[in-house]
Amino acid sequence: MQTLTPSDDDLVASPDGAQDFMTFEIPLNDSGSAGLGVSVKGNRSKENHADLGIFVKSIINGGAASKDGRLRVNDQLIAVNGESLLGMTNQEAMEALRTSMSVEGNKRGMIQLVVARRLARFMEVRARNTYYKIMFLLIRYLMAVLISVIHGFQNGDKLEQLPM
C-alpha cells in the first residue's frame with residue numbers, strides 16, 4: 001500500500017484533509033466480463049451542483065474487489081490504470097472506469113486504482129469533539145442557571161413552589 005500526498009488541487013470531497021490516498025493493484029476475475037465487482041455513485045456539491053467525483057457505492061460478493069478485500073464502500077476513485085479522474089465530470093470518470101475494465105483497456109488482468117479514504121481515526125476524533133462540545137455547552141448552561149438561582153437567593157428572593 002502506497003500513501004500519496006495530494007497537492008492543493010487534489011483536495012477532493014474532503015477539504016479538511018482527513019483522507020489517506022492509497023494505490024491498489026487488484027487482480028480481475030477469470031471472466032473479464034465480471035469486471036471489478038463494484039457499483040459506483042457520483043457525488044455533487046449541494047451549493048453549486050459541481051461534480052465531486054465518483055465513490056464506491058457497494059462491493060459485490062464474489063467480485064474481484066470483494067476477493068481482494070482492500071477496497072471499501074465510500075472510497076473515492078482518484079485514478080484508474082494511471083489515468084487521473086480528477087477534473088473529470090462524474091460521467092467522464094465513470095466512462096474512464098468502464099473503458100479500463102474492457103478487454104482493450106486492460107490486457108494485464110489487473111486494475112490499478114488510486115483511492116482516497118476518510119480516516120476512521122479522524123472521524124472518531126471528530127465525533128468525540130462534537131460530544132465534548134455538546135457537554136461543555138450543557139454544563140455552561142446549567143452553571144448559568146445555577147448562578148442565577150444563587151444570585152436570586154442572595155437578593156432575598158424565595159423559590160416558589162410549583163403547584164402539584
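What follows is calculated from the coordinates using simple rules that are stated; it is not laboratory data. Keep in mind it's a predicted model, so treat the numbers as computed, not measured. In this analysis, Cβ positions are derived from the backbone assuming ideal geometry, glycine residues included, and neighbour counts consider all displayed protein chains.
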#### Entry: Burial ordering of T99, T130, fewest other beta-carbon atoms within 10 Å first
T130, T99
#### Entry: Label point distance in nm, S66-Q112, each placed 7 Å from Cα along Cα→Cβ
2.8
### Förster radius 41 Å - calculated FRET efficiency between L119 and A144 (Cβ-Cβ, nearest 0.05)
0.65
